[in-house]
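Scroll down for the structure; my scribbles are underneath it.
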Amino acid sequence: MEKKLTWKELPIGDILEGGSSLKFKTGNWRSKIPVHIPEKCINCFICWISCPDDAIIVDAEKGKWSSFNYDYCKGCGICAYECPKKAIEMREEIEK
Amino acid sequence: MPSIKELAKRESRFVSGHRLCAGCGAGIIMRLVLLAIDKPVIASCATGCVEVASTIFPYSSWKIPWIHSAFENSASTISGIEAAYRVFKRERKIDKDIVFVAFGGDGGTHDIGFQALSGAAERNHNVLYICYNNQAYMNTGVQRSGATPKFAHTTTSPVGKKIPGKIEWQKNLGEIMVAHNIPYVATAIPGRWNDLINKVEKAIKIEGFKYIEVLSPCRLGWPHEPELTMEISRIAVETCVWPLYEVEFGKYKLNYKPKEKKPVSEWFRLQGRFRHLLLPENVKLAEEIQKEVDRRWEELLKKCES
Ligand SMILES: Cc1ncc(C[n+]2csc(CCOP(=O)(O)OP(=O)(O)O)c2C)c(N)n1
Ligand code: SF4
Ligand code: SF4
Ligand code: SF4
Ligand SMILES: [Mg+2]
């Protein structure tokens with residue numbers, strides 16, 4: 001958002017643009033960062049379905065894991081915990 | 001159920017940039033519910049973590065028409081929309097096939113939203129109600145609700161010298177919804193996402209009011225390590241604290257039977273709100289919970305067999 005509205009300028013009821021939270025990046029919440037280990041990955045997409053932040057990108061057409069979306073990943077570690085092949089490692093944000 | 005790869009082809013309709021805590025179970029639940037529905041959706045949502053974190057002005061994480069009006073009326077808001085839709089259809093002003101979904105937390109569903117919920121169920125609106133039950137009023141700072149389990153620590157049922165956490169039993173709202181004679185009632189967890197997706201898929205094909213209650217681990221209020229969100233929900237099922245079942249037109253069906261029923265201490269162990277129950281001086285309290293979990297489980301098994 002460009003300019004913050006004062007309470008006097010706020011609409012009484014409002015219509016927000018669908019999906020506009022994509023403009024708000026949550027990646028800077030992270031203290032740990034998930035790192036993918038492609039050799040171990042079997043492209044099962046379990047990490048993708050488990051992410052509360054929709055921060056894992058998969059290539060659905062090719063059936064292949066693609067990348068983390070670090071703009072939004074909050075570093076919760078669920079993907080690493082759920083991965084059946086230990087193909088995701090959580091590292092300290094600075095070490096990555 | 002479509003395979004996970006087919007699901008991945010669907011557009012995400014609960015998108016990134018929401019401000020739920022890292023690891024929040026409710027974020028997973030919202031994504032799963034919308035992924036399971038391969039049709040246009042209109043949703044309402046009660047005040048609570050999901051609403052507050054997904055629609056912070058001027059942003060929205062929803063790629064569907066979505067309306068918030070108040071804490072207590074998610075079910076009546078969606079009832080009005082669904083009733084208007086029926087009129088539009090009759091008058092041939094709309095021909096789209098739309099799925100109506102109401103979301104509410106446990107406070108917005110079991111407590112303050114209960115009369116709206118009960119009314120919508122009684123009128124049998126063609127609506128799917130999803131309660132994401134994190135077992136307290138989390139958004140306002142972890143206060144006890146009617147769904148908070150007995151002996152859980154919350155800020156309004158603090159563990160101390162006077163009380164060992166909340167002193168009342170939690171409501172069994174699933175059973176109360178069954179008593180409304182609605183066509184479909186089910187429980188679910190994020191950790192068994194295929195079961196949850198199956199239930200949502202099944203529910204939207206049924207005409208009338210459907211109620212699914214999903215246990216929603218809350219790393220801040222329970223509290224637990226954030227990476228354990230899915231695992232903790234599965235432990236709730238393995239200990240029979242949160243059995244997975246569905247009731248279709250009054251007929252009970254157990255969806256999952258643990259191979260070996262785990263003791264409730266496994267459920268307490270990973271959560272701060274129950275840690276006092278593992279102390280030697282509180283053995284009696286832990287036993288009381290175990291006894292009640294066993295009793296409710298046996299009762300459910302009987303209903304599923306008959
Ligand atoms: C009539 C009314 N009373 C109180 C509130 C304050 N309030 C907002 S959300 C909330 C608790 C929500 O709890 P729950 O429904 O369990 O959702 P959660 O925050 O846990 O996701 C309360 C007390 C309100 N918004 N409206
Ligand atoms: S760490 Fe959490 S937020 Fe980040 S990609 Fe994994 S599951 Fe998603
Ligand atoms: S869960 Fe693990 S193995 Fe499966 S796609 Fe994700 S990283 Fe690969
Ligand atoms: S307080 Fe709990 S339910 Fe609310 S956003 Fe945080 S983890 Fe989710
Ligand atoms: Mg709640």
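The values are calculated or read from the model by the stated rules, or taken from the named source; none is laboratory data. Since the structure is predicted, the reported quantities are computational estimates derived from the model, not experimental observations. Cβ: placed from backbone, ideal geometry, glycine included. Neighbour counts: every protein chain shown. The protein model used for the area step is the full one, side chains on, heavy atoms only, and it has no ligands, DNA or RNA in it. Shrake-Rupley method; radii C 1.70, N 1.55, O 1.52, S 1.80 Å.
For the reader, a short list of remarks on this structure follows.
- All positions within the stretch B:45-59 that are in a loop (DSSP other than H, G, I, E, B) and either away from chain A (no Cβ under 12 Å) or over 20 Å from B:T140 (Cβ atoms) (or both): B:A46, B:T47, B:G48, B:P58, B:Y59
- Looking only at residues in the stretch B:236-263 that are β-branched (V, I, T) and out of contact with any Asp or Glu (no Cβ under 6 Å at 6 or more places or on another chain), the one that is farthest from the other protein chains (Cβ to nearest Cβ) is B:V247.
- Of the criteria (1) assigned to a loop (DSSP other than H, G, I, E, B); (2) within 10 Å of another protein chain (Cβ to nearest Cβ); (3) open to solvent by 90 Å² or more (accessible area, probe 1.4 Å), which one A:Y81 fails: (1)
- In the stretch B:144-183, the residues that are on the phi > 0 side of the Ramachandran plot and either assigned to a helix (DSSP H, G or I) or surrounded by 15 or more Cβ atoms within 10 Å (Cβ to Cβ) (or both): B:F151, B:G165
- The number of residues in the stretch B:1-22 that are within 11 Å of another protein chain (Cβ to nearest Cβ) and in a loop (DSSP other than H, G, I, E, B) comes to 15.
- If the condition is being basic (K, R) and either touching a residue at least 12 places away in the same chain (Cβ under 8 Å) or buried (at least 20 other Cβ atoms within 10 Å of the Cβ) (or both), then the stretch B:87-117 contributes only B:K96.
- Looking only at the stretch A:37-62, and only at residues there that are over 24 Å from B:I29 (Cα atoms) and open to solvent by less than 60 Å² (accessible area, probe 1.4 Å), the one that is nearest to the other protein chains (Cβ to nearest Cβ): A:C41
- Top-ranked residue in the stretch A:16-36 [being β-branched (V, I, T) and more than 9 Å from chain B (Cβ to nearest Cβ); ranked as nearest to A:E92 (Cα to Cα)]: A:I33
- Test for B:S61: is it in contact (Cβ under 8 Å) with a residue 12 or more places away in the chain and open to solvent by less than 10 Å² (accessible area, probe 1.4 Å): yes
- Among the residues of the stretch B:184-223, the one identified as more than 16 Å from the chain's Cα centre (by Cα) and open to solvent by less than 10 Å² (accessible area, probe 1.4 Å) is B:G208.
- Test: residue in the stretch B:23-44 that is surrounded by fewer than 24 Cβ atoms within 10 Å (Cβ to Cβ) and assigned to a strand (DSSP E or B): yes
- The requirement of being touching a residue at least 24 places away in the same chain (Cβ under 8 Å) and open to solvent by less than 10 Å² (accessible area, probe 1.4 Å) is not satisfied by B:S76.
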